[in-house]
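S.K.: Structure in structure tokens, see below.
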Amino acid sequence: MISGRGGTMKTRPGICNRKKSFATRDEAERVAARAPFKLRAYRCDLCRKYHLTSRTKGMKTPRYELGR
Ligand SMILES: [Zn+2]
């Protein structure tokens with residue numbers, strides 16, 4: 001077996017490296033507040049910094065809003 005089973009939801013290193021990272025949550029949230037769409041700051045276990053994600057659980061974003 002080469003790859004994992006895909007059962008875990010951990011951030012993968014590849015994604016982490018490509019994402020913009022912030023040293024503090026304040027910084028990340030400030031950028032999130034300026035974005036035209038909903039972003040959420042979360043701490044990354046891999047780099048110990050903060051990333052932004054547009055995936056907000058329990059919140060459905062209408063498709064037409066994403067296409068803008
Ligand atoms: Zn990271």
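S.K.: Is it the case, given these coordinates, that residue 11 is in contact with an Asp or Glu (Cβ under 8 Å, 6 or more places away or on another chain), modelled with pLDDT under 90 and not acidic (Asp, Glu)?
M.R.: Working: in contact with an Asp or Glu (Cβ under 8 Å, 6 or more places away or on another chain): yes; modelled with pLDDT under 90: yes; not acidic (Asp, Glu): yes.
Criteria met by residue 11.
S.K.: Filter region 39-55 down to the residues that are modelled with pLDDT under 90, surrounded by 12 or more Cβ atoms within 10 Å (Cβ to Cβ) and within 12 Å of the chain's Cα centre (by Cα) and list them by number.
M.R.: Kept after step one, since they are modelled with pLDDT under 90, are these residues of region 39-55: 45-46, 54-55.
Going one step further and asking which of them are surrounded by 12 or more Cβ atoms within 10 Å (Cβ to Cβ), we end up with 46, 54.
Passing the criteria: only 54.
S.K.: Does region 23-37 contain any residue that is modelled with pLDDT under 90, assigned to a loop (DSSP other than H, G, I, E, B) and within 16 Å of the ligand (Cβ to nearest atom)?
M.R.: no
The values are calculated or read from the model by the stated rules, or taken from the named source; none is laboratory data. Since this is a predicted model, take the numbers as computed values, not measurements. Here Cβ is always computed from backbone atoms with ideal geometry, including for glycine, and neighbour counts include all displayed protein chains.
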